[in-house]
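Asker: Take this structure, written in structure tokens, and hold onto it; I'll ask about it next.
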Amino acid sequence: MNAQASSANLIETPPVSEAQIESSGANVRPNGPIIAHPSNGNSNSAPALAEPAAVRSEQLSPNYIPTDFEEFPDGTLVELVQGPASLGLLVWSEGKASIVEQFEHDGRLLIPPAVDQKFSMNLRLPEGVGPCPATAQFFAEICEVVRSTVDLPESSIRIVVAFALSTWFVDNLAVAPYLWICGPPGSGKTTLMRLLHCLCRRAVLTAGTIPSQVYSLPALLRPTLLLDELQFNGAQHSHALESWLRAGNARGVPVTVGGRLVDSFGAKVLCSRQPASDTALSSRALHISMVPTRSNLQALDEETVERMANDFQPRLLMFRLQHYQEFRPQPLDLSPLSPRIADLARALVLPLRGVEKETLAPIFDAMVEQANQASVERAHEPEALVVSALFGYCHGEESTTVLVGQIASQVNLCRRRIGEEADLKPRAVGSILKSLGLATDKVDSFGRGLHLTVAVKRRIHQLLQIYNLKATDPARIAECVLCDEMMRTRHSATEKV
Ligand SMILES: [Zn+2]
């Protein structure tokens, strides 16, 4: 992949302008210790300055620190916004906001990061803050906008809105939520992407091949990347894209792109005609499907998009600022969900305190269904089929060995039953056995296989649990000491939880 850019390429010299950015009427200048500090002295504005700027700048020799967000111990928050001419910083303190070009704190001079011109056109930033209603009312209002713009089941509408709101708190979340939109042409995918471009935090929308600079954006701005028309066709490019995406929903997992380590953590919307066959990537996302529609829905022309963005972005930023400090993880009973889906559920629901449980129930139901679907798909993975076949051999006739070729035949029988045409060769099954920690040995003159010792059988029983597979043939299992052992450990683990 040709991705040479790093965040350094995107950062230009600090923007220096003498005029302080005036914000919209909703913004108020902060009180107290906040000092809106103009750059390098020769300013004719900045009434908050206590001393002439030139003197101050000589004394302090301030270090310019590009920042997109800062939280100070006194509760002051500094957030990147769009000013009339260039990027600015919104300073939020004691419920009041002001927009400045740079912000001095403790000898440091915070300035907005410089963003590549190509993305500044596409990057959606609020121009200030506006009054935002209570969470439940805001959630309902945004649901209504989505409902009137795209044709989606109610559960998907709520997932979309919960996702959009969660993007405003990604820096407070353990995992970054991914939303995956699948559907054929004419299903309204692009309309939904444009709508999400109005609703998500720092949304950047790209379609088709991803420009190399985009790979560096998460570290620079923590944007919500909306990636339209993605193609996962098994080519080298798509493998690299998949690994970049897989790494990007957990913190602190840098990935190599174009020979450089980049941080890809951040919320993302993935839009494609078909889902990726990469189940590891698929399991990181909330999925919604779209079908072609004839419903007479609101057209989303450029003017409407701008109007919506101007309406929602300042209120969404207010929502973030008001809830940022009270945002703490809370215990949620998510036992029917796999750990990964449970993390996603937390990311979606945490910003929605104040929304009634009944309103959120369709989101949980859709996630449980997705978890069930994923578990069926996982059970069809080659590794899971090998484990299931081995589990059968543990409870079969009194044979003490099994050949790799026999396991392959059993696996291929199952694969044909689920519609897979290509058989797995014994060599491939041998590699899978090795990856599962089961060493093969020469069994007899016919070839290699496993000696079914108690240790090997115990490992196979453990693997059944690890892969979350169900034991079949209850009659034989009832007589198995290892199955009994497995059930007891499962119960004691459940009791501990
Ligand atoms: Zn058993």
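The values are calculated or read from the model by the stated rules, or taken from the named source; none is laboratory data. Predicted, not measured: the structure shown is a model, and the values here were computed from it. Cβ sites come from the backbone with ideal geometry, for glycine too, and all protein chains shown count toward neighbours.
Asker: So, of the residues in region 361-399 that are away from the ligand (no atom under 16 Å from the Cβ) and acidic (Asp, Glu), which turns out to be farthest from residue 411 (Cα to Cα)? Working first, answer last.
Answerer: In the first step, residues of region 361-399 are kept if they are away from the ligand (no atom under 16 Å from the Cβ); the result is 361-386.
Keeping just the survivors that are acidic (Asp, Glu) gives 365, 369, 377, 381, 383.
Values: 365: 33, 369: 27, 377: 15, 381: 10, 383: 10 Å.
Checking each candidate, the answer is 365.
Asker: Assess whether residue 472 counts as being modelled with pLDDT of 85 or more, farther than 24 Å from residue 280 by Cβ and touching a helix residue (DSSP H, G or I) at 6+ places or on another chain (Cβ under 8 Å).
Answerer: Working: modelled with pLDDT of 85 or more: no; farther than 24 Å from residue 280 by Cβ: yes; touching a helix residue (DSSP H, G or I) at 6+ places or on another chain (Cβ under 8 Å): yes.
When the stated conditions are applied, residue 472 does not pass them.
Asker: Which one of these is in contact with a strand residue (DSSP E or B) (Cβ under 9 Å, 6 or more places away or on another chain) and assigned to a strand (DSSP E or B): 396, 449?
Answerer: Exactly one of 396, 449 is in contact with a strand residue (DSSP E or B) (Cβ under 9 Å, 6 or more places away or on another chain) and assigned to a strand (DSSP E or B), namely 449.
Asker: Looking for something surrounded by 11 or more Cβ atoms within 10 Å (Cβ to Cβ), more than 13 Å from the ligand (Cβ to nearest atom) and closer than 16 Å to residue 395 by Cα - is there at least one such residue anywhere in region 440-452?
Answerer: For region 440-452, residues surrounded by 11 or more Cβ atoms within 10 Å (Cβ to Cβ), more than 13 Å from the ligand (Cβ to nearest atom) and closer than 16 Å to residue 395 by Cα: present.
Asker: Is it true that some residue in region 208-218 is modelled with pLDDT of 85 or more, surrounded by fewer than 23 Cβ atoms within 10 Å (Cβ to Cβ), within 25 Å of residue 125 (Cβ to Cβ) and in the same structural domain as residue 307 (by TED's automatic domain parsing)?
Answerer: No, region 208-218 contains no residue that is modelled with pLDDT of 85 or more, surrounded by fewer than 23 Cβ atoms within 10 Å (Cβ to Cβ), within 25 Å of residue 125 (Cβ to Cβ) and in the same structural domain as residue 307 (by TED's automatic domain parsing).
Asker: Just give me the residues in region 454-476 being of a type in the set (D, E, K, R), more than 11 Å from the ligand (Cβ to nearest atom) and surrounded by fewer than 14 Cβ atoms within 10 Å (Cβ to Cβ), in sequence order.
Answerer: Across region 454-476, the qualifying residue is only 470.
Asker: Mind listing just one residue for me: the one in region 111-167 that is part of a helix (DSSP H, G or I) and farther than 30 Å from residue 293 by Cα and, of those, farthest from the chain's Cα centre (by Cα)?
Answerer: That would be 117.
Asker: Which members of region 283-311 meet the condition of being closer than 30 Å to residue 467 by Cβ and at pLDDT 85 or above? Step through it out loud before you land on a result.
Answerer: Looking only at region 283-311, we keep the residues that are closer than 30 Å to residue 467 by Cβ, and these are 283-289.
Listed by number, the residues that qualify are 284, 285, 286, 287, 288, 289.
Asker: Same structure again: Would you mention how many residues in region 475-490 are at pLDDT 85 or above and not acidic (Asp, Glu)?
Answerer: Residues that pass the stated criteria total 4.
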